[in-house]
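Some notes on the structure that comes next.
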Amino acid sequence: MTFEGALNYGRNLLKEAGVLNYQLDAWYLMEYACKMDKSEYYMRGFDEMEQEKFQEYEFLLKKRGERVPLQYITGVQEFMGLDFKVNSHVLIPRQDTETLVEEALKILEPGMEALDLCTGTGCIIISLLRYAGKEIRGTASDISKQALLIAKENARNNQVEAEWVRSDLFQNITGTFDLIISNPPYIPTGTIGKLMPEVKNFEPLEALDGAEDGLMFYRKIIPESLEFLKPGGYLYFEIGHDQGKKVSALMEEHGFCNVKVVKDLAGSDRVICGNLPAS
């Protein structure tokens, strides 16, 4: 079979399996299996594909056809222009979360200390440290030992240094911070079964499930953050598209001011932020 024939085979197989982005995914898996870029593909499209490469490609297609996420197959996801290692112990970074990072970067100044709760891959704190400069100090925590191992590796690969703490939210956190930022689990328990197979069957449930109404972690983090934020300190969250009003009310109830909701590129509510009074 030629490379072109194999790619068409892959597209058809993934389409039949119900994969949404079957054309792109078929290409990415060929690129991964054959270690070839598009320019090489265009030159070699009518060449016979080596048998061992086709077997590897077919194996990867089978996994994707079973709805294993593409990123768990290739082991990497791009976020904020950086590469992050991923596996089944961590939530796959989404483009939506870039809005959270971009908003936080607007308020970071030299000398500030930031805490990232529920860090997962570390993509949020690593991106902040990478783009805000070395004058920012970062701490990140997660309840999962396996997630922290991935986050530490991502920090090394992206040449940033942070303090990593295994902690159930603030349980093992010490000190105070200018910014606390988090993308906590916020999907209502009853909604998880309706998600795409790639998410509900493969991504870690503990990184998704926000209890009955999806707000459990906001109810915990917001009041507890008061002990760990400096005067004037900022609290930034990613939220679900329909959670803006309720999370805003929670923040205002606990004394946060300048609370606002920021939309993502799709026009959905995605980030909520506010700060404590300066004194």
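Observations on the structure shown:
- Selection within the stretch 1-31 - open to solvent by less than 70 Å² (accessible area, probe 1.4 Å) and outside any helix (DSSP H, G or I): Thr2, Ala17, Gly18, Val19
- In the stretch 250-259, the count of residues that are buried (at least 16 other Cβ atoms within 10 Å of the Cβ), in contact (Cβ under 8 Å) with a residue 24 or more places away in the chain and of a type in the set (Gly, Ala, Ser) is zero.
- Summed over the stretch 233-249, residues that are among the small types (Gly, Ala, Ser), buried (at least 18 other Cβ atoms within 10 Å of the Cβ) and closer than 18 Å to Leu276 by Cα total 2.
- Tally of residues being of a type in the set (D, E, K, R), surrounded by fewer than 18 Cβ atoms within 10 Å (Cβ to Cβ) and not in a helix (DSSP H, G or I) across the stretch 115-173: 7
- Which numbered condition Ile180 fails, given (1) of a type outside the set (Gly, Ala, Ser); (2) in contact (Cβ under 8 Å) with a residue 12 or more places away in the chain; (3) surrounded by fewer than 19 Cβ atoms within 10 Å (Cβ to Cβ): (3)
- Exactly one residue among Phe54, Phe46 is touching a strand residue (DSSP E or B) at 6+ places or on another chain (Cβ under 8 Å) and of a type outside the set (Asp, Glu), and that residue is Phe46.
- Residue check for Glu252: out of contact with any Lys or Arg (no Cβ under 9 Å at 6 or more places or on another chain), within 18 Å of Asp116 (Cβ to Cβ) and in a helix (DSSP H, G or I): no
- Figure legend. Inter-residue proximity from the stretch 27-41: first residues of a type in the set (Gly, Ala, Ser), second residues open to solvent by less than 30 Å² (accessible area, probe 1.4 Å), beta-carbon distance below 8 Å, spacing 6+ or different chains. Indicated pairs: Ala33/Tyr57; Ala33/Leu60.
The values are calculated or read from the model by the stated rules, or taken from the named source; none is laboratory data. What you are looking at is a predicted structure, and each value in this text was computed from that prediction instead of being measured. Note that we place each Cβ from the backbone using ideal geometry, even for glycine, and neighbour counts take in every protein chain shown. Calculation scope for accessible area: heavy atoms of the full protein, side chains included, ligands and nucleic acids excluded. Shrake-Rupley method; radii C 1.70, N 1.55, O 1.52, S 1.80 Å.
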